[in-house]
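In what follows, a structure is listed as structure tokens, so that the remarks can point back to it.
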Amino acid sequence: GSLFMAGVIPGILLAISYMVLNYRHAILYNIPKSKFVGFRTLGHNFIGALGALFMPVIIIGGILFGIFTPTEAGVAATVYGIGYGIVNKKLTVKSFYEACVGAAKSTAGCMFVIQVSTVLSYIFTSLKLTKMVDTFVHTYCGNSVWLFFGFVVIICLIAGCFIDSNATMLMLAPIFLP
């Protein structure tokens, strides 16, 4: 929960940066302004969106008050979203099926990458690559922590050009951790 909350300030700073960038872009390219719809319409739309805006409250509030973990918060938000879609009659059987198929496809892609990286990690460990890296590091880096970190950063940078970050971590952690 505390790690999750550590992202709040960077998230706010990123949102402010996006607003400033969009404002600058709109002025620079003379993007026309739309007419203000008025506070009555704004309030009406806000009240209509309250049900959907309650989802972040469930996630963040549940984590902060220790009701559930971040993973359980995702499940609670999903159940709430499904219930909200049914109550508002926006969720149909067809759209629910399409959402499930899309989620399954994206999850299968991620799981395939993670599985292949786990197999490669096992192969690297079986080939005693850890011992070879250890010998290389002690030979060329000596006892310098900074040279070792530089070596790890360069390897991760090269691997990150070709492989997903999670897969890179799963493959290289068993090699660099010892």
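Close Cβ contacts (under 9 Å, 6 or more residues apart or on different chains) running from residues in the stretch 159-170 that are of a type in the set (Phe, Trp, Tyr) to residues that are part of a helix (DSSP H, G or I) and surrounded by 19 or more Cβ atoms within 10 Å (Cβ to Cβ) comprise Phe162/Thr168. Filtered by the rule that a residue be part of a helix (DSSP H, G or I) and open to solvent by less than 60 Å² (accessible area, probe 1.4 Å), the stretch 83-98 gives Gly83, Gly85, Ser95. Taking residues in the stretch 125-141 that are under 11 Å from Pro174 (Cα atoms) and touching a residue at least 24 places away in the same chain (Cβ under 8 Å), and partners anywhere that are part of a helix (DSSP H, G or I) and open to solvent by 60 Å² or more (accessible area, probe 1.4 Å), not one pair has Cβ atoms closer than 8 Å while being at least 6 places apart or on different chains.
When we screen Met5, Met55 for residues that are farther than 30 Å from Asn88 by Cα, open to solvent by less than 100 Å² (accessible area, probe 1.4 Å) and touching a residue at least 24 places away in the same chain (Cβ under 8 Å), the only hit is Met5. Scanning the stretch 104-149 for residues being open to solvent by less than 100 Å² (accessible area, probe 1.4 Å) and modelled with pLDDT under 90 gives a total of 30. Residues to consider are Phe54, Phe36, Phe46; find the one that is in a loop (DSSP other than H, G, I, E, B) and over 19 Å from the mean Cα position of the chain (by Cα). Only one candidate qualifies: Phe36.
The values are calculated or read from the model by the stated rules, or taken from the named source; none is laboratory data. Source: prediction; values computed, not measured. As a convention, Cβ positions derive from the backbone with ideal geometry for all residues, glycine included, and neighbour counts pool all protein chains shown. Ligands, DNA and RNA are excluded from the accessible area calculation, which covers all protein heavy atoms including side chains. Shrake-Rupley method; radii C 1.70, N 1.55, O 1.52, S 1.80 Å.
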